[in-house]
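The values are calculated or read from the model by the stated rules, or taken from the named source; none is laboratory data. This structure is a prediction, so every number in the text was calculated from the model and none was measured. Don't worry about glycine lacking a Cβ; one is built from the backbone with ideal geometry, like all the others, and counts go over all protein chains shown. Surface accessibility is based on the protein's heavy atoms, side chains included, excluding ligands, DNA and RNA. Shrake-Rupley method; radii C 1.70, N 1.55, O 1.52, S 1.80 Å.
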Amino acid sequence: MHTLTTPDEMRAWSGRQRDAGLTIGFVPTMGALHTGHLALAADAARRSDRVVVSIFVNPLQFNESADFDSYPRPIDADVESCRQAGVAAVYAPTAAAMYPPGFQTRVVPGLLADVMEGAMRPGHFEGVVTVVAKLFGAVRPDVAIFGQKDFQQLAIIRQMAADLDLGIDIVGHPIVRDADGLAQSSRNLRLNETQRARAIVVPHSLDAATTAANRGAAPSEIVAAARSVVEAEPLARHEYTTIFDAQTLQEITDDDEHAVGPLRIATAVWFGDVRLIDNCELRTHGV
Ligand code: PAF
């Protein structure tokens, strides 16, 4: 397995694969790899000849420096996980290589970034699409895999790839969950034991929403059903729960009588200073 640390090295490696007639599948990550990331790498391996995993904690996409500073960075364990997973190359650039003095260009996402995570975390998606555009420029993949846990991120990157004619196939991979239903996330590592145990209210709230949707409840009732599960947990602080159109990401309210979907519901919940997000499809009859 190759480990590459600068955009030039990465591009040169990628060029050699292409010259040899091989395709490249790419999994961008911020490290602290878990089985969810490895499922993305396995998906990339099914769709391409050589898998590249990037590991870079991107300062541009963090709203708070404390969150950036405390983000887990177990780089040696991550590299070893990639080796065992059969990854061909790890791209782990330094911040100085990604954002050298004089760096000034940003990619600005459109309307899809104005709601949900974008509304709560100003500038977050600008940081995400800027770094992903740079990673794409260095890795030059044929296909890139993103987890559906960050459903809005996936939609925004798919839109960017289309809008900027990048010619990269953007694939969404289903959410990978722990046995108790909690969506896998590097942030779960920052929960203490009690918080981790109670964090199952997050997927349980989505289950409550699904049950309400299946009995034909209105959007406001579905959201209320989900919220009440989170709000019954004293360690949890509810941030938002929204039903949205999976294509446009626009919120669906009780007035949207003709919404035909596909629809999803997304939520963000805090445990202490750890923010968890989750979402699922809503197969509604009543919305
Ligand atoms: O989903 C993530 O881990 C990050 O947002 C990404 C796509 C690697 C960009 O830094």
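A few comments on the model shown:
- Across the chain, C-alpha contacts under 8 Å between residues 6 or more apart give a mean separation that, scaled by the residue count, equals a relative contact order of 17 percent.
- GluC sites (Glu not before Pro), loop per DSSP, at most 14 other Cβ atoms within 10 Å - longest free stretch of the chain: 65-256
- Remark: segment 39-189 projects, on average over all directions, an area of 9.6 nm² (convex hull of Cα atoms).
- Of all DSSP beta bridges in segment 147-287, antiparallel share, percent nearest 5: 95 percent
- Secondary structure note: in segment 1-105, about 0% of the DSSP beta bridges are antiparallel.
- Here the contact order of segment 159-219, divided by its residue count and restricted to Cα pairs under 8 Å and six or more residues apart, works out to 21 percent.
- Estimated FRET transfer efficiency (LEU164, THR194; beta-carbon r; R0 35 Å; 0.05): 0.20
- Dipole of segment 104-250 computed with +1 at Lys/Arg Cβ and -1 at Asp/Glu Cβ about the Cα centre; of GLN250, ALA213, PRO174, farthest Cα towards the positive end is PRO174.
- Antiparallel %, DSSP beta bridges [both residues in the chain], to 5: 50 percent
- The modelled label-to-label distance between TYR240 and ARG83, using points 7 Å beyond Cα along the C-beta direction, is 4.3 nm.
- Based on protein heavy atoms only, the chain ends up with 46 Å² per residue of surface accessible to a 1.4 Å probe.
- Entry note, segment 124-176: relative contact order of 43 percent, from Cα contacts under 8 Å with a spacing of 6+ residues.
- Counting Lys and Arg as +1 and Asp and Glu as -1 over every other residue whose Cβ lies under 12 Å from the Cβ of PRO122, the net charge comes to -3.
- With a cut-off of 19 Å on the backbone N, the residues of segment 40-59 near the modelled label site 7 Å out from THR5 along Cα-Cβ are 53-59.
- Alpha carbon Rg of segment 191-287, scaled by the compact-globule rule 2.2 N^0.38 Å: 1.07
- Dividing the convex hull volume of the alpha-carbon atoms in the chain by its residue count gives 132 Å³ per residue.
- With a cut-off of 13 Å between beta carbons, the residues surrounding ARG177 carry a summed charge of -3, where Lys and Arg count +1 and Asp and Glu -1.
- Protein accessible area in segment 80-220, 1.4 Å probe - carbon and sulfur %: 51 percent
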